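Comments concern the structure below.
Every number here is computed from the coordinates shown, using simple stated rules; none is lab data. Given the structure is predicted, the values throughout are model-derived calculations rather than measurements. Cβ coordinates were reconstructed from backbone atoms using ideal geometry, including for glycine residues, and neighbour counts include every protein chain displayed.
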């Protein structure tokens, strides 16, 4: 599993500044970060791919975020099951 940094998201053209990304997260227009360590956060690549795909087919940012969050939840459940 690969995690993307904010710089990776900027390179893909999905977001701008860090504050605009944080505002989008809080407003439900951008997927939430995952804590990787106490000082490091990132986005699972599969979650960002789901978000970008939803935007590409014409979904609103809010709808795309809901789709991405469903993928994030599915991924969390898969990881939890694998750890058991």
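Mind listing whichever residues of region 16-32 are within 22 Å of residue 76 (Cβ to Cβ), without any contact (Cβ under 8 Å) to a residue 40 or more places away in the chain and not in a helix (DSSP H, G or I)?
Hits for region 16-32 are 28, 29, 30.
Any chance you could count how many residues in region 72-81 are under 13 Å from residue 33 (Cα atoms) and touching a strand residue (DSSP E or B) at 6+ places or on another chain (Cβ under 8 Å)?
Here the count works out to 1.
Restricting to region 37-67, and then to whatever is touching a strand residue (DSSP E or B) at 6+ places or on another chain (Cβ under 9 Å) and assigned to a helix (DSSP H, G or I), can you tell me which residue is surrounded by the fewest Cβ atoms within 10 Å (Cβ to Cβ)?
45
Per-residue answers, yes or no, for (1) farther than 24 Å from residue 18 by Cβ; (2) touching a helix residue (DSSP H, G or I) at 6+ places or on another chain (Cβ under 7 Å):
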position: 50; (1), (2): no, yes
position: 58; (1), (2): yes, no
position: 66; (1), (2): no, no
position: 77; (1), (2): yes, no
